[in-house]
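Remarks on the structure that follows.
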Amino acid sequence: MDEQAAVADIRQWWRGGLYILIFSLGAWAWGSGLLPVLLDHWDDITFLGRQHIQLVAISGGLAILIGVPAGVALTRSRFRRYGDVAMQVLNIGATIPTLAVLALSMSLLGIGNTPAIFALFIASLLPIVGNTMAGIRAVPPYLRESARGMGLSPRQILWQVELPNALFVIYAGIRTALAINVGTVPLAFLIGGGGLGELIFSGIALNQFGTMLAGAIPTALLAIVVDFIVTQFQFWTIPRGVNPMR
Amino acid sequence: MIRLEHVSKTFPNSTTPAVDHVTLEVPEGEICVLLGPSGCGKTTTMKMVNRLIEPSSGEIFIGDRNTADYDPVQLRRTIGYVIQQIGLFPNKTIEDNICLVPDVLGWERSKSRARAAELLDMVALDPGTFLKRYPKELSGGQQQRIGVLRAIAADPPVLLMDEPFGAIDPINREIIQDEFLKMQARIKKTIMFVSHDIDEAVKMADRIAIFRDGRLVQYDTPDNILAHPAESFVSDFVGGDRTLKRLQLLTVNDAMQHDPPRVTAEDTLETAAAIMAEHGHQAIVIVGPRGRARGYVQLSVARGGKGKVGENHETLPTTVKPGEDLRTAVSTMFRHDVSWLACIDDEGTFKGYVTLRSITRLLSEAYRDG
Ligand SMILES: Nc1ncnc2c1ncn2[C@@H]1O[C@H](COP(=O)(O)OP(=O)(O)OP(=O)(O)O)[C@@H](O)[C@H]1O
Ligand SMILES: [Mg+2]
């Protein structure tokens with residue numbers, strides 16, 4: 001109990017520190033004239049920010065919805081022999097810079113929203129599929145064997161044994177994927193995908209420091225928020241027995 | 001009952017069979033231990049029973065039904081299965097682990113959870129403490145107990161156990177073995193048990209099946225395996241001390257001289273000496289009015305002594321019970337540096353005595369008729 005009290009204590013301190021930090025940042029931002037600049041761009045920020053979040057949500061959501069089942073499928077006995085090949089392809093794929101992925105996507109699908117989403121989807125898909133496969137493959141064979149030996153069907157083994165035990169690694173993949181995704185979205189502007197990249201790149205091109213920050217700061221905040229959300233999911237949805245966070 | 005008829009298994013990409021025409025029957029309620037060196041086909045034989053491995057040829061029956069007639073998944077739900085690595089699911093609580101098979105069989109939740117608590121009680125683990133824990137929060141020995149409970153949760157008539165206690169340290173292994181035997185005396189499952197430890201086999205088995213290179217070379221009771229190994233492979237495998245191992249299987253009662261001569265406190269030393277001389281004994285036990293052992297008199301004291309036995313006796317240094325095994329008896333003799341022990345039942349009644357000679361005679365009898 002003492003330990004918990006100590007942890008709570010530290011949390012309080014940490015929270016207090018955070019408030020002070022935010023406050024002084026705010027004061028500095030106001031004093032240096034940054035905040036007024038951000039407020040000037042408020043309409044742009046909300047409009048482009050919504051576009052930005054849409055890009056992340058659609059491409060990331062699709063990557064999760066397709067990546068996890070694909071990763072699972074590649075570990076099923078029917079497709080297992082393609083598993084190793086797929087893993088190698090994924091590893092090579094992960095080394096391609098996301099900017100190149102965007103460029104390739106544009107050469108394939110032209111300019112606009114669709115090629116941007118497609119490129120982001122592809123870039124996010126790789127870590128999700130890879131980690132899903134790796135997580136399921138890392139489930140010790142004797143767990144599978146005892147499940148089979150007690151009369152669980154392959155589907156029951158997947159849902160009751162393989163997925164729960166691979167979940168932490170799968171989440172890690174999703175986290176990486178979303179980090180890549182959020183980090184790449186500003187580049188989507190370059191192929192006409194919109195988003196906060198528009199402010200960043202125009203700011204750079206026109207040498208307007210404020211405009212650039214009006215794009216950069218929300219982008220950074222979004223990255224932190226997305227990571228926080230995934231961490232919460234990780235914390236609450238992984239069974240305590242296999243959750244290194246609890 | 002489990003019956004294997006001419007069962008063979010040759011794995012793909014292999015020319016020699018891993019299991020070669022094995023025929024054996026495990027009678028209802030007995031423990032059959034499959035014993036043999038590494039790679040001799042014990043696990044393969046066992047896994048063919050629940051069809052984790054399909055036999056290449058031959059038939060396997062459980063009760064009088066051919067296992068080939070079942071759907072493999074359904075079949076496995078009627079057979080308990082314990083492996084050396086235990087295989088508790090780390091993502092499930094102890095309760096959910098134990099209730100695994102009841103849950104897939106669709107038992108009512110209240111019934112299966114009550115069963116889990118009842119089972120934990122059976123191995124002296126407090127349900128309140130353990131039901132909601134996760135496997136990682138248990139010691140190895142506790143996990144192993146849960147592994148066994150999980151296997152019997154849905155009350156299957158048949159149990160397969162592949163080196164279930166192999167990963168536990170020797171001291172705790174003994175404890176868990178004893179506990180399991182006690183449980184088995186109540187639940188009377190038909191059990192196939194893989195081991196490569198001869199001592200474990202001797203202790204657990206009603207029958208031992210000795211394997212060599214996929215062939216069943218001897219199938220018999222532990223005492224017969226030890227007393228009459230069918231071939232030199234078996235005698236080598238069970239070890240040079242196989243006679244000593246037999247001591248665990250025989251009880252004091254087997255080697256005891258029943259209803260031996262005795263004296264009471266009122267008898268004279270002369271009478272005692274005469275009785276000892278008549279039977280060629282070096283000492284005689286004194287009993288009370290209800291047949292309880294009170295002490296003993298040595299021949300050297302009684303001979304030429306005067307007076308009552310009651311005034312000249314010595315207390316017995318130690319005694320054994322008729323139900324104890326001979327290994328304990330011999331060990332007691334060595335510890336107290338005596339060559340005979342009085343046998344006393346739970347009420348303290350004098351039943352007879354064992355001597356080192358009666359034990360060696362008992363052991364050698366078995367060799368003579370073999
Ligand atoms: N899936 C498999 N594929 C091919 N060969 C196998 C397979 N499983 C077992 N074998 C072979 O079959 C033989 C018997 O193996 P088995 O696992 O039954 O031995 P065991 O008696 O249980 O040994 P141990 O005491 O080491 O567990 C061995 O030679 C082994 O290499
Ligand atoms: Mg084995």
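The values are calculated or read from the model by the stated rules, or taken from the named source; none is laboratory data. Model, not experiment: these values are computed from the prediction. For neighbour counting, all protein chains shown are included, and Cβ atoms are generated from backbone atoms with ideal geometry for every residue, glycine included. Just the protein is used for accessible areas: all its heavy atoms, side chains included, with ligands, DNA and RNA removed. Shrake-Rupley method; radii C 1.70, N 1.55, O 1.52, S 1.80 Å.
At a glance:
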read-out: Scan of the stretch B:204-216 for residues that are surrounded by fewer than 22 Cβ atoms within 10 Å (Cβ to Cβ) and over 13 Å from B:Thr45 (Cβ atoms), ordered by number; value: B:Asp206, B:Arg207
read-out: Filter result (more than 12 Å from every other protein chain (Cβ to nearest Cβ) and touching a residue at least 40 places away in the same chain (Cβ under 8 Å)) within the stretch A:136-163; value: A:Ile136, A:Arg137, A:Leu158
read-out: Every residue from the stretch B:210-224 that is hydroxyl-bearing (Ser, Thr, Tyr) and outside any strand (DSSP E or B); value: B:Thr221
read-out: Number of the condition not met by A:Ala166 [criteria: (1) open to solvent by less than 30 Å² (accessible area, probe 1.4 Å); (2) farther than 27 Å from A:Leu90 by Cα; (3) within 14 Å of chain B (Cβ to nearest Cβ)]; value: (2)
read-out: Lone qualifier among B:Phe165, B:Phe193 - being within 16 Å of ligand 1 (Cβ to nearest atom) and in contact with a strand residue (DSSP E or B) (Cβ under 7 Å, 6 or more places away or on another chain); value: B:Phe193
read-out: Qualifying position, being touching a Lys or Arg at 6+ places or on another chain (Cβ under 7 Å) and away from ligand 2 (no atom under 16 Å from the Cβ), among B:Ser8, B:Ser56; value: B:Ser56
read-out: Set B:Gly29, B:Gly41: member being away from chain A (no Cβ under 14 Å), within 16 Å of ligand 2 (Cβ to nearest atom) and within 29 Å of the chain's Cα centre (by Cα); value: B:Gly41
read-out: Leading residue by the ranking (nearest to A:Ala138 (Cα to Cα)) among those in the stretch A:85-99 that are surrounded by 12 or more Cβ atoms within 10 Å (Cβ to Cβ) and not β-branched (Val, Ile, Thr); value: A:Met87
read-out: The stretch B:169-196, residues that are assigned to a loop (DSSP other than H, G, I, E, B) and touching a residue at least 40 places away in the same chain (Cβ under 8 Å); value: B:Lys188, B:Lys189, B:His196
read-out: Residue count for the stretch B:72-96, restricted to those that are within 7 Å of another protein chain (Cβ to nearest Cβ), under 14 Å from B:Val158 (Cβ atoms) and in contact with a strand residue (DSSP E or B) (Cβ under 8 Å, 6 or more places away or on another chain); value: 1
read-out: Considering residues of the stretch B:133-142 that are surrounded by fewer than 21 Cβ atoms within 10 Å (Cβ to Cβ) and within 14 Å of chain A (Cβ to nearest Cβ) only, the residue nearest to B:Cys32 (Cα to Cα); value: B:Leu138
read-out: Residue in the stretch B:15-22 that is in contact with a His (Cβ under 7 Å, 6 or more places away or on another chain), within 16 Å of ligand 1 (Cβ to nearest atom) and in contact (Cβ under 8 Å) with a residue 60 or more places away in the chain present; value: yes
read-out: Residue in the stretch B:190-199 that is farthest from ligand 2 (Cβ to nearest atom), counting only those that are away from chain A (no Cβ under 14 Å) and open to solvent by less than 10 Å² (accessible area, probe 1.4 Å); value: B:Thr190
read-out: Boolean, A:Ala147 is open to solvent by less than 30 Å² (accessible area, probe 1.4 Å), small (Gly, Ala, Ser) and closer than 30 Å to B:Pro90 by Cα; value: yes
read-out: Count - residues of the stretch B:150-166 that are surrounded by fewer than 23 Cβ atoms within 10 Å (Cβ to Cβ), within 20 Å of the chain's Cα centre (by Cα) and more than 11 Å from chain A (Cβ to nearest Cβ); value: 6
read-out: Top-ranked residue in the stretch B:50-71 [being within 14 Å of another protein chain (Cβ to nearest Cβ) and away from ligand 1 (no atom under 16 Å from the Cβ); ranked as surrounded by the most Cβ atoms within 10 Å (Cβ to Cβ)]; value: B:Thr67
read-out: Residue check for B:Gly128: of a type in the set (Gly, Ala, Ser) and outside any loop (DSSP other than H, G, I, E, B); value: yes
read-out: Of all residues making up the stretch A:100-123, the number that are hydroxyl-bearing (Ser, Thr, Tyr) and open to solvent by less than 40 Å² (accessible area, probe 1.4 Å); value: 1
read-out: Residue within the stretch A:233-246 that is within 13 Å of the chain's Cα centre (by Cα) and either surrounded by fewer than 19 Cβ atoms within 10 Å (Cβ to Cβ) or not hydroxyl-bearing (Ser, Thr, Tyr) (or both) present; value: yes
read-out: Filter result for B:Leu125 (touching a helix residue (DSSP H, G or I) at 6+ places or on another chain (Cβ under 8 Å) and more than 30 Å from B:Asp236 (Cβ to Cβ)); value: yes
read-out: Any hit, the stretch B:102-123, residues being over 26 Å from the mean Cα position of the chain (by Cα), within 14 Å of chain A (Cβ to nearest Cβ) and within 16 Å of B:Leu159 (Cα to Cα); value: yes
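Residue-wise test of (1) more than 16 Å from ligand 1 (Cβ to nearest atom); (2) surrounded by fewer than 20 Cβ atoms within 10 Å (Cβ to Cβ); (3) not assigned by TED's automatic domain parsing to the domain that holds B:Met183.
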| position | (1), (2), (3) |
| --- | --- |
| B:Glu28 | yes, yes, no |
| B:Lys42 | no, no, no |
| B:Met48 | no, no, no |
| B:Gln85 | no, yes, no |
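Residue by residue, here is whether (1) more than 16 Å from ligand 2 (Cβ to nearest atom); (2) under 24 Å from B:Asp169 (Cα atoms); (3) touching a residue at least 24 places away in the same chain (Cβ under 8 Å) holds:
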position: B:Thr45; (1), (2), (3): no, no, yes
position: B:Phe61; (1), (2), (3): yes, no, yes
position: B:Ile83; (1), (2), (3): no, yes, yes
position: B:Ile94; (1), (2), (3): yes, yes, yes
position: B:Trp107; (1), (2), (3): yes, no, yes
